[in-house]
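Taking it in order: structure first as structure tokens, then the write-up.
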Amino acid sequence: AQKITQTQPGMFVQEKEAVTLDCTYDTSDPSYGLFWYKQPSSGEMIFLIYQGSYDQQNATEGRYSLNFQKARKSANLVISASQLGDSAMYFCAMRELQYNFNKFYFGSGTKLNVKP
Amino acid sequence: DGGITQSPKYLFRKEGQNVTLSCEQNLNHDAMYWYRQDPGQGLRLIYYSQIVNDFQKGDIAEGYSVSREKKESFPLTVTSAQKNPTAFYLCASSMLGGQDNEQFFGPGTRLTVL
């Protein structure tokens, strides 16, 4: 079974609007971390935001926030006020603490295009 | 500045040749990883290492080999047994344990087999 599922291969958003990128995960480990990375066309992977399984509040980092719904096993990334520079691939990832605690699982990614 | 370096940025190889991709980190991380990325696709784990002189196969280890003789270095060799090696290769590192320890990535190496 897929550990991380990203069901949106590509998305478009108008500049200055908000956009939500979906991510669902599968684990029986009670302790895990969820991460979002951005990959521009240059190929570098840029860490955006982190959410821990025991965190009570949704994580936020500037224009990025993570909509964490533990019971539904979803960790959607919300980008507010989209900018042209947000056009990139976005990957959701998970790290399990008890099982294979040094292994990261990545989703297939969502390509975001921001239109002027 | 701490970080991960990968070299070369672009690499061309003839069929049947082995080639080694370099990955060095000065973040004092114990864990290091190699991923392969095909165009428009996600990351697939090739090998990872949690400690010097020890490493584990990932999901697509066939045709690849690694070594971890130093904490800072985790070179990847793409052997002639790898049937379709043309891809983008990313090296990463992280601290051990801790659910909040993210992976840090190098800039990547684009390998093309001619």
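The values are calculated or read from the model by the stated rules, or taken from the named source; none is laboratory data. Predicted model only: the values in this text are computed from it and were never measured. When we count neighbours, we look across all protein chains shown, and the Cβ atoms used for this are built from the backbone with ideal geometry, even at glycine. Quick note on the areas: whole protein, heavy atoms, side chains included, nothing else; ligands and nucleic acids left out. Shrake-Rupley method; radii C 1.70, N 1.55, O 1.52, S 1.80 Å.
Remarks
- For the peptide A:76-84, the mean number of other protein chain Cβ atoms found within 10 angstrom of a residue's Cβ is 0.
- Rg over Rh for the stretch A:14-116 works out to 0.98, both radii taken from alpha-carbon positions and Rh defined as the Kirkwood radius.
- Interface residues, the stretch B:70-100 - accessible area loss of 30 Å² or more versus chain alone, probe 1.4 Å: B:G97, B:Q99, B:D100
- Cβ crowding within 10 Å averaged over residues, with A:8-16, B:79-87 ranked highest first: B:79-87, A:8-16
- Counted residue by residue at 0.36 nm each, then reduced by the alpha carbon distance between them, the extension gain from B:T79 to B:L114 reaches 11.2 nm.
- HN-Hα J in Hz across the stretch B:35-43 - Karplus 6.51, -1.76, 1.60, θ = phi - 60°, x for Gly and Pro: 10, 10, 10, 8, x, x, 10, x, 8
- Accessible surface comparison of A:T27, B:T5, probe 1.4 Å, protein chains only, largest first: the order is B:T5, A:T27.
- FRET E, pair B:R44, A:K16, Förster distance 41 Å, beta-carbon r, rounded to 0.05: 0.70
- The stretch A:30-80: C-alpha gyration tensor shape, a/c 1.5 cut-off, then a/b vs b/c: prolate
- Here's how it looks for A:E15: its modeled amide H is under 5 Å from those of A:K115, which are all 5 or more places away or on a different chain.
- Stretched out straight at 0.36 nm per residue, the stretch from A:F47 to A:T7 would grow longer than its current Cα-Cα span by 12.4 nm.
- Comparing B:G16, B:M32, A:G10 along the charge dipole axis of the protein assembly as shown, the residue lying farthest to the positive side is B:G16, per the Cβ-charge model.
- Shielding of peptide B:102-108 by partners, expressed as the average count of other chain Cβ atoms within 10 Å per residue Cβ, is 6.
- Accessible-area composition of the stretch A:7-82, carbon plus sulfur, in percent [1.4 Å probe]: 48 percent
- Accessible carbon and sulfur surface of chain B relative to its total accessible area, %, 1.4 Å: 47 percent
- The stretch B:53-114: radius of gyration over Cα atoms, expressed as a fraction of 2.2 N^0.38 Å: 1.26
- Rounded, prolate or oblate (a/c below 1.5 giving rounded, otherwise prolate when a/b exceeds b/c) for chain B by Cα gyration tensor: prolate
- Residue mean of other protein chain beta carbons inside 10 Å, A:39-50: 4
- Dipole magnitude for chain B: about 480 debye, using +1 per Lys or Arg Cβ and -1 per Asp or Glu Cβ, origin at the Cα centre.
- In terms of its C-alpha gyration tensor, the stretch A:1-44 has a prolate overall shape, because the principal axis ratio a/c (a ≥ b ≥ c, square roots of the eigenvalues) is not below 1.5 and a/b outweighs b/c.
- Between A:K73, A:K38, A:K103, the residue with the greatest mean-square fluctuation in the GNM of chain A (Cα pairs under 10 Å linked by springs) is A:K103.
- Residues B:Q17 and B:Q56, FRET efficiency given R0 of 30 Å [Cβ-Cβ distance, rounded to 0.05]: 0.70
- Debye, to nearest 20: dipole size of the protein assembly as shown, +1 on Lys, Arg Cβ, -1 on Asp, Glu Cβ: 500 debye
- Measuring with a 1.4 angstrom probe and ignoring ligands and nucleic acids, B:D100 comes out at about 80 Å² accessible.
- Reported to the nearest whole Å, the Cα centre-to-centre distance from the stretch A:1-24 to the stretch A:43-116 is 10.
- Pairwise burial A:B, computed as accessible area of each alone minus the pair, summed, 1.4 Å, Å²: 1900 Å²
- Per residue, the accessible area of the protein assembly as shown comes to 48 Å², computed with a 1.4 Å probe over protein heavy atoms only.
- Local net charge near B:G63, Cβ-Cβ under 12 Å (Lys/Arg +1, Asp/Glu -1): +2
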